[in-house]
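The values are calculated or read from the model by the stated rules, or taken from the named source; none is laboratory data. Not measured: the values here are computed from a predicted model. Neighbour counts run over all protein chains shown; Cβ positions are idealised from the backbone, glycine included.
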């Protein structure tokens with residue numbers, strides 16, 4: 001089995017998709033490029049640096065990339081650092097969807113550091129789904145940081161999801177600046193166990209007239225795990241609309257903090273928020289217990305329902 005197949009065997013995606021010449025992809029193992037394919041209208045420039053990878057990705061004006069682009073940022077060794085400096089540019093009226101897997105299945109002491117600048121020009125649409133696969137030891141520390149700029153009528157949708165393994169430490173820090181009638185959707189779904197630590201800091205600035213934004217966090221913490229969620233939307237233009245939604249389930253000795261912040265600087269703007277922290281719903285639990293599930297099975301099912 002080659003290194004690419006080794007990484008993809010832990011994901012929910014068959015590595016054979018990379019053999020399709022119409023599917024653009026990049027596969028990294030630690031700080032080495034294992035594979036790369038581009039398609040017309042998508043320009044990818046990768047540079048292997050001493051301490052990481054520099055990646056520049058551009059979609060040309062008016063180009064719609066028809067098939068999802070696959071990125072795999074993996075690390076098979078038990079210890080090490082993967083540092084990625086990325087710049088993504090979607091030119092006017094372009095369109096791109098990305099499925100990214102971050103794969104650290106044997107990690108004992110691994111750091112994944114991502115610094116990204118994302119520019120989405122007028123009328124462009126960008127979807128970025130990020131799915132993580134970690135080891136069971138909790139030996140992964142993940143630091144994704146991004147600054148995003150949305151032009152007029154641009155759309156940006158991103159989702160962070162831990163598929164397998166323990167969190168370890170996740171520290172998400174995103175800032176998004178939204179121009180006229182642009183749309184921002186950000187979702188984080190994370191399940192913490194043992195001594196895991198979850199930190200989410202997402203901020204959306206609705207600067208343009210009619211800009212819209214939704215920040216959603218669905219978090220579960222059990223055992224001794226801790227979560228601190230800080231989501232903020234600021235509306236400074238007329239007819240800007242936004243919503244902050246944070247739901248957290250706490251079991252055992254877990255600790256959860258939710259800090260939804262809304263700021264409105266224009267009388268014609270409107271932002272709402274909702275935060276809920278607590279144990280699993282008692283009625284749901286009793287219903288599942290009455291159907292023959294054990295308490296642990298019922299709790300797991302309820303949490304998976306929250307994170308689905």
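In table form, for the structure just shown:
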{"read-out": "Residues of region 264-308 satisfying the condition of being in contact (Cβ under 8 Å) with a residue 40 or more places away in the chain and more than 26 Å from the chain's Cα centre (by Cα)", "value": "269"}
{"read-out": "Test result for residue 2, modelled with pLDDT of 95 or more and either surrounded by fewer than 17 Cβ atoms within 10 Å (Cβ to Cβ) or closer than 17 Å to residue 75 by Cβ (or both)", "value": "no"}
{"read-out": "Those residues of region 166-216 which are over 14 Å from the mean Cα position of the chain (by Cα), surrounded by 24 or more Cβ atoms within 10 Å (Cβ to Cβ) and more than 20 Å from residue 264 (Cβ to Cβ), in sequence order", "value": "168, 192, 196"}
{"read-out": "Count - residues of region 3-41 that are without any contact (Cβ under 8 Å) to a residue 40 or more places away in the chain and assigned to a strand (DSSP E or B)", "value": "6"}
{"read-out": "Hits in region 217-247 - residues which are buried (at least 24 other Cβ atoms within 10 Å of the Cβ) and either modelled with pLDDT under 95 or within 16 Å of residue 191 (Cβ to Cβ) (or both)", "value": "217, 219, 220, 221, 225, 227, 229, 246"}
{"read-out": "Among residues of region 42-91, those that are modelled with pLDDT of 95 or more, surrounded by fewer than 19 Cβ atoms within 10 Å (Cβ to Cβ) and outside any strand (DSSP E or B), counted", "value": "6"}
{"read-out": "Every residue from region 252-285 that is over 30 Å from residue 206 (Cβ atoms) and either in contact with a helix residue (DSSP H, G or I) (Cβ under 9 Å, 6 or more places away or on another chain) or part of a strand (DSSP E or B) (or both)", "value": "255, 279, 280, 281, 284, 285"}
{"read-out": "Test set (1) closer than 20 Å to residue 162 by Cα; (2) out of contact with any helix residue (DSSP H, G or I) (no Cβ under 7 Å at 6 or more places or on another chain); (3) assigned to a strand (DSSP E or B) - residue 300 fails condition number", "value": "(3)"}
{"read-out": "Residue satisfying all of: in region 93-113; surrounded by fewer than 21 Cβ atoms within 10 Å (Cβ to Cβ), in contact (Cβ under 8 Å) with a residue 40 or more places away in the chain and within 16 Å of the chain's Cα centre (by Cα); nearest to residue 77 (Cα to Cα) among these", "value": "113"}
{"read-out": "Scope region 294-306; condition crowded, with 16+ Cβ neighbours inside 10 Å and closer than 16 Å to residue 247 by Cβ; matching residues", "value": "299, 302, 303, 306"}
{"read-out": "Top-ranked residue in region 138-149 [being surrounded by 17 or more Cβ atoms within 10 Å (Cβ to Cβ) and without any contact (Cβ under 8 Å) to a residue 40 or more places away in the chain; ranked as farthest from residue 115 (Cα to Cα)]", "value": "140"}
